[in-house]
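Enquirer: I have a structure I would like to understand better, so I am pasting it below and will then ask my questions one at a time.
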Amino acid sequence: MILLAVIITLPAVPGLMVEQAEAQSYAHRVRDRYNRISRGANAAEWAKRLSDEDVAIRLEAVESLGQGDMEESIGPLLDALADADQRVRVKAINYLGARRQQAAVPVLVQKLFLSEVDADERTQVLIALGRIGDPRASKQLLNCAMAATSDTVRAAALYALGESGTPEVTQALSRFSETSSDQQVKQLAGDAIKKIEARAAVVPNRQPTLLELERRMAPPR
């Protein structure tokens with residue numbers, strides 16, 4: 001007698017597939033968390049790995065520090081800004097910006113004007129400064145925008161200026177926009193000025209800038 005094997009193909013069940021995918025994703029997250037904890041239980045342990053010769057380990061250390069307790073991680077992440085590998089520096093920059101760490105502002109501002117910092121890294125610094133939104137960087141951001149030779153860097157500087165600029169720079173920013181023949185510069189500078197003025201409008205007892213006074217006193221068109 002010849003036995004015939006009958007193979008029955010069951011149709012895929014969408015709901016079951018979603019549940020399986022979610023379970024696998026959760027398992028991966030648990031495993032990754034366990035790996036991070038087992039290799040270094042605190043910021044001090046991860047900070048030690050920032051001096052490892054293997055860049056992959058330094059990148060992992062920065063990621064764990066960025067996702068951990070920022071109060072303990074801020075110092076090591078600031079140290080990572082001086083790493084020899086740009087990938088490590090940029091990852092640290094991104095975490096400091098995402099966590100809005102104002103303590104990083106002086107170091108980040110300094111990096112804007114270092115000759116060894118290329119346009120890509122400078123752009124990441126500007127994005128981070130825009131996320132942090134610290135008005136202390138206002139004048140330096142304006143200087144960066146005016147001195148930039150890269151369109152991407154200039155655009156990032158104007159964005160960051162809109163996020164953190166103070167009314168004291170709006171007049172100079174307006175002049176910069178007026179003297180530029182680049183329509184993108186004019187648009188971004190105009191947007192930045194609007195953001196700065198909107199932010200200043202909600203601050204009580206603030207003296208208007210000279211530019212604001214000129215606009216208020218100008219005859220109607």
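The values are calculated or read from the model by the stated rules, or taken from the named source; none is laboratory data. Every value quoted in this text rests on a predicted model; they were computed, and no experiment measured them. Cβ: placed from backbone, ideal geometry, glycine included. Neighbour counts: every protein chain shown.
Enquirer: Report those helices (runs of 4 or more DSSP H) wholly inside the range 47-118 carrying at least 3 residues which are of a type in the set (Lys, Arg).
Expert: 86-98
Enquirer: Same structure, new question: Answer with yes or no whether THR170 is surrounded by fewer than 17 Cβ atoms within 10 Å (Cβ to Cβ) and either over 13 Å from the mean Cα position of the chain (by Cα) or among the basic types (Lys, Arg) (or both).
Expert: So THR170 fails the test.
Enquirer: Same structure, new question: Being surrounded by 14 or more Cβ atoms within 10 Å (Cβ to Cβ) and not assigned by TED's automatic domain parsing to the domain that holds VAL169 is true for just one of LYS111, LYS91. Which residue is that?
Expert: Answer to the selection: LYS91.
Enquirer: Moving on to the next point. Does ARG100 satisfy the condition of being closer than 21 Å to GLN184 by Cβ, of a type in the set (Lys, Arg) and free of Cβ contacts under 8 Å to residues at least 60 places away in the same chain?
Expert: Against the criterion (closer than 21 Å to GLN184 by Cβ, of a type in the set (Lys, Arg) and free of Cβ contacts under 8 Å to residues at least 60 places away in the same chain), ARG100 does not qualify.
Enquirer: Given the criteria aromatic (Phe, Trp, Tyr), closer than 20 Å to ILE74 by Cβ and out of contact with any His (no Cβ under 6 Å at 6 or more places or on another chain), does TYR159 qualify?
Expert: no
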